[in-house]
Amino acid sequence: MTLHVQTPLIESRPLSLAAGPTLWLKLEALQPSGSFKLRGVGHACEVHHARGARHFVSSSGGNAGLAVAYAGRKLGVPVTVVVPETTSARAIELLKLEDAQVVVKGSSWQEANQHAQGLLGAGDAFIHPFDDPLLWTGHASMIDEVAQAGLKPDAVVLSVGGGGLLSGVVEGLKRNGWHDVPVLAVETEGAASLHAAITAGHPVELPAINSVATSLGAKRVADQALACAQHHPLHSEQVSDRAALQACERFLHDHRILVEPACGAALALAYAPGRLAHYNKVLMIVCGGATATLEQIHDWLAA
Ligand SMILES: *Cc1c(COP(=O)(O)O)cnc(C)c1O
């Protein structure tokens, strides 16, 4: 038994026609918490639970926090999520639906996280949103499922925030012997912390995040994400916020699934003519995201 579900892998006719190659969608948006995060977070929570943890703490007001809240409810472990004042009413509502205790503290994620760290006592497990090997091992299961389905893609497209998804997918590619399958790592222009690290040759901290793709808003990527870029074939790609938002709208139209701009960033690569032209069979990780409403996406597009 795992906390995540095995997700559908479907061929997308609309995205294939837009992109050129055949596009296969791994529909992580259909995880019960709304994003791929449940794979890694669920695995981490199960491990901590087995080790005797009696309380999970998160400082993510986004999909990582939602995954912790879901995992805690399923395991019968209480969850506290500390979020900054900037967190949307929608995100807080979703956390409360999962029975998490929500503490609103501080004006930035740094302050909320500091408060969360201060809460930790014996028997508490802190679940990081992206920088933890337990998470990467959990995320890697999505590639196992693709291999079991008999599909070997010639490229994988995914979004990068702090690089946990990237680290997990590369772990999955490696453990299935797919050392030759390149990853196209997509960031929005205002949240390109992986690109900055690759350019510098070491992780760097961006002075600020300037993107509507809040789930990609890690100022600094995990060291492991940069290591993936250095030891596995990887192309760093960037798209505008506008392209990410338009991709959300088009994907809703094409597949009737609403995703966050963080996921729209990866989808935008398929909707931009020519950017995937030199591949034949592309695996798109539809990472999902539960915190954006359609109204908000329209408001961002109109701004
Ligand atoms: C967390 C998240 C990402 C980025 O994942 P990282 O592991 O931080 O790189 C992308 N899309 C969605 C919807 C997310 O929740």
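Quick check: residue separation of His253 and Val104 times 0.36 nm, minus the Cα distance between them. What number comes out in nm?
Gain on extension, His253 to Val104, equals 50.1 nm.
State, as an integer percentage, the relative contact order of the chain based on alpha-carbon contacts under 8 Å between residues 6 or more apart.
Relative contact order of the chain: 21 percent.
Testing the spin-label approximation: label points 7 Å from Cα along Cα→Cβ at Ala50 and Met1. State their distance in nm.
1.4 nm
Fewest Cβ neighbours within 10 Å first, please rank Phe126, Phe56 accordingly.
Neighbour counts put them in this order, fewest first: Phe126, Phe56.
Calculate one ³J(HN,Hα) per residue across the range 189-199 by plugging θ = phi - 60° into the Karplus curve 6.51 cos²θ - 1.76 cosθ + 1.60, and present them in order as whole Hz with x for glycine and proline.
Values per residue, Gly and Pro as x: 4, x, 9, 8, 6, 5, 4, 5, 5, 5, 4 Hz.
Starting from the amide H of Leu184, placed 1.01 Å from N in the peptide plane, find each other amide H under 5 Å away whose residue is 5 or more places distant or on another chain.
Val156, Val157, Leu158, His235
Where does each of Tyr70, Tyr279, Tyr271 land when they are ranked from fewest to most other beta-carbon atoms within 10 angstrom? Don't jump to the answer; show the numbers that get you there.
Details: Tyr70 28, Tyr279 19, Tyr271 22.
By the 10 Å Cβ count, ascending, the order reads Tyr279, Tyr271, Tyr70.
Which residues does the label zone of Ala122 cover in the range 69-85, counting backbone N under 20 Å from a point 7 Å along Cα→Cβ?
Label zone hits: 78.
In sequence order, what are the phi-derived ³J(HN,Hα) couplings for the range 52-57 according to the Karplus relation 6.51 cos²θ - 1.76 cosθ + 1.60 with θ = phi - 60°, rounded to whole Hz, with x for glycine and proline?
Karplus-based 3J(HN,Hα) across the range 52-57 equals x, 4, 10, 6, 9, 10 Hz.
Would you report the distance distribution of C-alpha pairs in the range 99-183 as whole percents per 5 angstrom bin, up to the bin with the largest distance?
Distribution as computed: 3, 13, 18, 17, 13, 11, 8, 9, 7, 1 percent.
Take each of the peptides 82-89, 184-191, 200-207, average the number of other beta-carbon atoms within 10 Å over its residues, and list them starting from the highest. Write out the running numbers ahead of the final one.
Working: 82-89: 17.8, 184-191: 25.0, 200-207: 12.6.
Highest-to-lowest ranking by the protection proxy: 184-191, 82-89, 200-207.
May I ask you to compute the full-extension gain from Val204 to His231, defined as 0.36 nm times their residue separation minus their alpha-carbon distance, rounded to one decimal in nm?
Extra length available between Val204 and His231 comes to 7.9 nm.
Label-point separation (nm) for Asp144 and Glu11, each offset 7 Å from Cα along Cα-to-Cβ?
Result for the modelled spin labels: 2.7 nm.
So what is log10(I(q)/I(0)) for the chain at q = 0.08, 0.09, 0.10, 0.11 1/Å, when the Debye sum runs over its Cα atoms only?
Cα-only, vacuum Debye calculation for the chain: -0.31, -0.39, -0.49, -0.60.
Viscosity 1.306 mPa s, temperature 10 °C: give me the Stokes-Einstein translational D for the range 38-130 in µm²/s, with Rh taken as the Kirkwood radius over C-alpha pairs.
Working: Rh = 12.6 Å.
Diffusion coefficient, whole number: 126 µm²/s.
Please list, or write none, the lysines whose alpha carbon is within less than 22 Å of the alpha carbon of Lys219, excluding same-chain residues fewer than 8 places away.
Lys37, Lys105
How large is ³J(HN,Hα) for each residue in the range 2-18, as worked out from phi by the Karplus curve 6.51 cos²θ - 1.76 cosθ + 1.60 (θ = phi - 60°), to whole Hz, x for Gly and Pro?
Computed from phi, the couplings for the range 2-18 are 10, 7, 7, 10, 6, 9, x, 10, 10, 7, 9, 5, x, 6, 5, 5, 6 Hz.
For Lys26, Lys74, what ranking results if the residue with the fewest other Cβ atoms within 10 Å of its Cβ goes first?
By the 10 Å Cβ count, ascending, the order reads Lys74, Lys26.
Assigning unit charges at the beta carbon (Lys, Arg +1; Asp, Glu -1) and nothing else, what dipole magnitude in debye, to the nearest 20, does the range 30-133 show about its Cα centre?
240 debye
Quick note: the coordinates plus some simple rules give every number you see, no bench work behind them. Since the structure is predicted, the reported quantities are computational estimates derived from the model, not experimental observations. In this analysis, Cβ positions are derived from the backbone assuming ideal geometry, glycine residues included, and neighbour counts consider all displayed protein chains.
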